[in-house]
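None of the figures in this text is laboratory data; all of them are computed from the coordinates on show. Please read these numbers as outputs of a predicted model, since none were measured by experiment. Note: ideal-geometry Cβ built from the backbone for every residue, glycine included; neighbour counts use all protein chains shown.
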Amino acid sequence: MRVARLLTSMCIPLALFSVVMAEPHEIKLDRPVKVGDQFDLHAHGSWRRDERGTMAGRNVGQIIVHLEGNIAGRVSVLAVESGKPSKVKVAVKTLSIKKNGIAIEAPPAGTVIIHSVTKDGKHALRAEDIDLSSDVHKVLNVLLVLTDELPFCDCRVVDVKGAKAVGDSWPIDKDYLLKQLSTPEAKVDRKDLSGVTAFEAIESVGDTRCARLTTKLEVRVPKGQLPKGFQHKRGELNMKMTRWSPLNHESKLDRVTVNLGSIAEAFIEAPGKPRLTVVFKFDQAVRRTMTPIK
């Protein structure tokens, strides 16, 4: 009897949990900001490039560069365009960077970094009073710019229409993304693009209840610009992005993770010589949380 009563008592909260999880929610991805808004920033990111060549089954050369970094700081919105920040400053509290597993010099605490966006959508990073090395700039670009710069991360790609419940999934907006990806040198075909977004769960970030949405997409990349004499063999790009979208539409909390990977393979052949094949791999990843300062 005790077991029966225990099972019965468990069924009630489980039933309530199921109802809450299945309840449709209006999801708002765009969170307009205003000049003067401030956020606590915590982010971890990595940047990796791997190039290798093979000839007649033998490795004839390889270059690997792996950068990773962590940053904590305060973000202040200095200018806004159409509800989105067009200029922010980041007051660094801590910043650490490694190259191939070894710590390298990074801007110290107190450094002010300016991230600005031009009207044609180009992003620029600079630090006040100091120059940023190439490696530091790459890491900061991943930590601070990547999710704003990539067309894959645009809210219009996720294309949320109507109320959604946990377990729902829907396709990305291919038409919008195709316009962003295609260039005069390389046009992406509709059949080479696929993607879907899923409402995975309701989770709390601090005291804010959020819808956890994950978007996955794949792109077969057409022939682009190659070194003279090389021929395109294949090109692929894949991305996984998870957003935590506050169910309170007034909240400006922003948490996102992005994993972006690409691979390209090309070859060159000369009469009487073995084929030289070169594989290029490029990966970027970031996990970033920006918590509004009240």
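Couple of notes before you dig in:
- Greater than 26 Å apart at Cα, pairs in Lys34/Lys98; Lys191/Lys240; Lys164/Lys294; Lys216/Lys252; Lys187/Lys252; Lys164/Lys252: Lys34/Lys98; Lys164/Lys294; Lys187/Lys252
- Nearest-ten-degree value, helix 2-22 long axis tilted from longest Cα axis of the chain: 60 degrees
- Environment charge at His66 (Cβ cut-off 15 Å; Lys +1, Arg +1, Asp -1, Glu -1): +2
- Applying both filters, DSSP loop and at most 12 other Cβ atoms within 10 Å, to the GluC sites (Glu not before Pro) of the range 82-189 gives Glu105, Glu128, Glu185.
- Residue (of Thr94, Thr111, Val142) at the positive-pole extreme of the chain, dipole from beta-carbon charges: Val142
- Span from the the range 237-294 Cα centroid across to the the range 132-154 one, whole angstrom: 11 Å
- Among Asp173, Asp40, Asp131, the largest mean-square fluctuation in a Gaussian network model of the chain (Cα springs under 10 Å) belongs to Asp131.
- When only the Cβ of Lys, Arg, Asp and Glu is charged (+1, +1, -1, -1), the dipole of the range 26-292 relative to its Cα centre reaches about 600 debye.
- Inter-site label distance for Ile102 and Ser194 at 7 Å from Cα along Cβ, in nm: 4.3 nm
- Label of the coordinate-derived value, Cα extents along the principal axes in Å, listed as (i) 88, 40, 33; (ii) 70, 45, 33; (iii) 83, 51, 41: (iii)
- Rel. contact order, % - alpha carbon contacts under 8 angstrom, at least six apart, the chain: 20 percent
- For the range 85-133, trypsin sites (Lys or Arg not before Pro) are listed when DSSP marks them as loop and at most 10 other Cβ atoms sit within 10 Å of their Cβ; the list is Lys119, Lys122.
- For the range 110-248: relative contact order, % (alpha-carbon pairs under 8 angstrom, 6 or more apart): 16 percent
- Neighbour cut-off at most 14 other Cβ (10 Å), DSSP loop, GluC sites (Glu not before Pro), the range 191-294: Glu250, Glu269
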